[in-house]
Amino acid sequence: MNILAIESSCDETSAAVLANGQLKSNIIATQLIHEQYGGVVPELASRAHQQHILPVVERALADANIAKTDLSAIAFTRGPGLLGSLLVGTSFAKAMALGLSIPLIEVNHMQAHVLAHFIDDQHDDRSRPKPGFPFLCLTVSGGHTQLVRINSPLEMVVIGQTQDDAVGEAFDKSAKLLGLPYPGGPLIDKYAKEGNPLAYKFPMGEMSGLDFSFSGIKTAILYFLRDNIKANPAFITENLADICASIQHTLVQMLLNKLKRAARETGIRDIAIAGGVSANSGLRSALTKLGDEQGWTVFIPRFEYCTDNAAMIAMAAQFKYEQSDFTAQTVSPLPRMSF
């Protein structure tokens, strides 16, 4: 069983090959053009995908040493994501599957992030521990913040989610307020390692149940910086590490407070994180520490599978292939695709 997977939901063009359950290649082309605009420009993203997709797919096949005629299926991200970007990947996958007369498999991008925990690559040699079912997964990215109960690879239930902004957006917005270049989230993580996480206190907005809200803390950070810069124009420069550490600490605690509540209410003790923000070192270390305190078994994805990549699309596609869950050629992208 050889699956070629394509990921094009935002600003990374990626292709991967999964052969008999083991990852053989995972190629990612990153779009640097967005840095000068301080965020992803959808039109530019879709144009870059058109330029990158063929070379990326060709290299993925070459690195896996698999001919396109040996493929069993083509998988692609149907959504959620940017419409123009999704169109490029969807159209390419449909055309290739049609030309080779092989099945087409649609994949939900956020479900794929969760299933990244099951990737077997040549470095792991299939020995890396994997969560058992059911488990809880905190999926955190620039566009999503969700608590998900994973009952099986193909049965996932959202039990809590943000009611406004995603935590990744809160990181990036905070970085922009600090004058840091895009993407700012990783830079906050970098500077936070040198600062005091308790130097400044920010209010943690509270939502009922297991839902999140991050609009309030963004506003609080805006006013905090405005007032302190008024008193000292060099405030950010002189205190950057402490500010970043305090922002990161607050956002991480907001996430983990809900995760702890979800674990208590469900009784589930296998706990995982996934999505781009799961690469944040503060979140990874804080979750590991909390897991030790709570007696959880914690699962943290390999760093290279946190951000958008086609390996996770291929992994999700394998589970669907085993159930003969294929897609018709009439399929179209779903930018707001839900679980």
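The values are calculated or read from the model by the stated rules, or taken from the named source; none is laboratory data. Everything numeric here is computed off the predicted structure, so don't read it as measured data. Every residue, glycine among them, receives a Cβ derived from its backbone with ideal geometry; neighbour counts consider all protein chains shown. Surface areas here come from the heavy atoms of the whole protein model, side chains and all, with no ligands, DNA or RNA. Shrake-Rupley method; radii C 1.70, N 1.55, O 1.52, S 1.80 Å.
General remarks:
- Summed over the residues of region 1-59 and divided among them, the accessible surface reaches 42 Å² per residue at a probe radius of 1.4 Å.
- Extension reserve of the GLU35-GLN163 stretch, reckoned as 0.36 nm per residue once the Cα distance is removed: 43.3 nm
- Accessible surface calculations at 1.4 Å, restricted to protein heavy atoms, place region 288-339 at 51 Å² per residue.
- Virtual spin-label span in nm between ALA231 and ARG269, 7 Å along Cα→Cβ: 4.7 nm
- Annotation note: trypsin sites (Lys or Arg not before Pro) in region 261-339 located in DSSP loop regions with a Cβ neighbour count of at most 11 within 10 Å are ARG336.
- In angstrom, the C-alpha Rg and Dmax of the chain are 20.3, 68.
- With every protein chain in place, the chain: carbon and sulfur % of accessible area (1.4 Å): 50 percent
- Point-charge dipole on Cβ atoms (K/R +1, D/E -1) for the chain, about Cα centre, debye to 20: 380 debye
- For the pair LEU44 and ARG59, label points projected 7 Å from Cα toward Cβ lie 2.1 nm apart.
- Over 27 Å between alpha carbons, listed pairs LYS130/LYS176; LYS190/LYS289; LYS258/LYS320; LYS218/LYS320: LYS130/LYS176; LYS258/LYS320; LYS218/LYS320
- Surface per residue (accessible, 1.4 Å probe) for region 129-263, Å²: 44 Å²
- Stretch gain in nm, segment ARG302-GLN329, where the contour uses 0.36 nm per residue and the Cα spacing is subtracted: 6.4 nm
- Positive-end residue, the chain charge dipole about Cα centroid, Cβ charges, pick of HIS117, LEU334, MET204: MET204
- Reciprocal of mean inverse Cα separation for region 155-238 (Kirkwood radius, Å): 14.3 Å
- If R0 is 22 Å, the Cβ-Cβ spacing of ASP292 and LYS130 corresponds to a FRET efficiency of close to 0.65.
- Annotation note: GluC sites (Glu not before Pro) in region 186-275 located in DSSP loop regions with a Cβ neighbour count of at most 11 within 10 Å are GLU194.
- For region 200-339, the alpha-carbon radius of gyration amounts to 1.37 times the rule-of-thumb value 2.2 N^0.38 Å expected for a compact globular protein.
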